[in-house]
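All remarks here apply to the structure that follows.
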Amino acid sequence: MEQDELEAIIPSETVRQYVLETGWTFTDWQRATLLAHSRRPVEDRIALLGRLSGQTADEELHRQIAVYVDWIEQIIRELQDNRDRRCVYALTLERDCDAPPAAYFFNWETACACGRRSGGRFRIEKFLVAERPELDESRAVSGADFDRDGKLVYLDPEFDRVEDDFTRTFFPLPNPFEQGDIVKRVSPIGADDYGVVGTSQKQMREFHERLKSGTRLLPPQFEDDDIRVEFLTGDGTFSHDHVLPLHLERYEPEWGPDDTAEGTRDVLLLMASMLYKGEGALDELGYYVMKYRKAREK
């Protein structure tokens, strides 16, 4: 596997280093699955899948990659096609994700150009409005998300496929994290998101053993190999999320008398980590929650 592919399938530097240190290897099928779910721009993913398809000796995987790439290209063509002007494109800018669209267009390229001029992430949705001019009662046909470089990174119907292909393949993911580890989410938007791992290595081993027993009602899919993380919120409380280990990096804060928002955040994370390891106390955690809140109010 070449370095550009490794960085594409594993955003986390921590996990990439773990893979290199342990000699972890992926099959061609697993590489294809990871590339399909990569957060890289669509054109990069297609290029890397094309290269893998040319390298693999597995004819069935070669066929499935070709079908998948054709599917993605079809979605893009249909998204861009509005020659009959029966649809309208609604542009939403990064800072207005919870607000109504910033502008409407009949032309895809014009909508994209306007989004790129904003200098931030943006989303374009295609609405069918031929029969109803009121957008709030119209049906969204499809949508696409773009990064700050103006590159297409996600298509709404990308994985809504009937065929049970390589994109659904389940396999254990490299996971160097233990319960109580402090981590930072690797975010495509660059947001700071810190938390404490709540799933132990023992729990993951038991989960994988249950899968081998065949007692699970539904077959596992790629996203099922996630771990629970308690993320710190703005008010000092924690809210859990389920995250693939590929999207987490180890974070090592230090103890200190710092009364800044960052300093009290780090101490609060350390206290929460100690609780998960059975070493801390709830009253101490509560004390640092209040310090964190006061620091953020300054």
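Since every read-out is calculated from the coordinates, none of them should be taken as a lab result. Please read all numbers here as calculations on a predicted model, not as lab measurements. Cβ sites come from the backbone with ideal geometry, for glycine too, and all protein chains shown count toward neighbours.
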Placing each pseudo-label 7 Å from Cα in the direction of the beta carbon, Glu178 and Glu21 end up separated by a distance in nanometres of 1.2
Provide Val42, Val229 in ascending order of the number of other Cβ atoms located within 10 Å of each residue's Cβ, fewest first. Val42, Val229
The chain: D in µm²/s via Stokes-Einstein (Kirkwood Rh, Cα pairs, 4 °C, 1.567 mPa s)? 59
Using the Kyte-Doolittle scale, which helices in the chain average at least -0.5 and also have C-alpha atoms spread 27 Å or more along the helix axis, with helices defined as whole DSSP H runs? 59-80
Could you calculate the contour length gain from Arg51 to Ser213, that is, 0.36 nm times the residue separation minus the distance between their Cα atoms, to one decimal place in nm? 54.7 nm
If the viscosity is 1.567 mPa s and the temperature 4 °C, what Stokes-Einstein diffusion coefficient in µm²/s follows for segment 170-298 when Rh is the Kirkwood radius over Cα pairs? 82
Run the paramagnetic zone check for Asp58: 7 angstrom along Cα to Cβ, then residues of segment 166-183 with backbone nitrogen under 16 Å. 166-173
What does the net charge come to around Phe170 if you take all other residues with beta carbon closer than 10 Å to its beta carbon, with K and R at +1 and D and E at -1? -2
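Can you tell me the length gained on complete extension of the stretch Val67 to Ala261, counting 0.36 nm per residue apart and subtracting the Cα distance?
Gain in length upon complete extension: 64.8 nm.
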Want the number for Asp4 to Arg205: 0.36 nm per residue separation, take away the alpha-carbon distance, what's left? 69.4 nm
For segment 228-298 and segment 170-186, what is the centre-to-centre distance using only Cα atoms, to the nearest Å? 17
Spin-label model distance (nm) - Lys298 vs Glu252, 7 Å beyond Cα toward Cβ: 2.7
With the alpha-carbon atoms as the only input, what is the per residue convex hull volume for segment 168-236 in Å³? 121
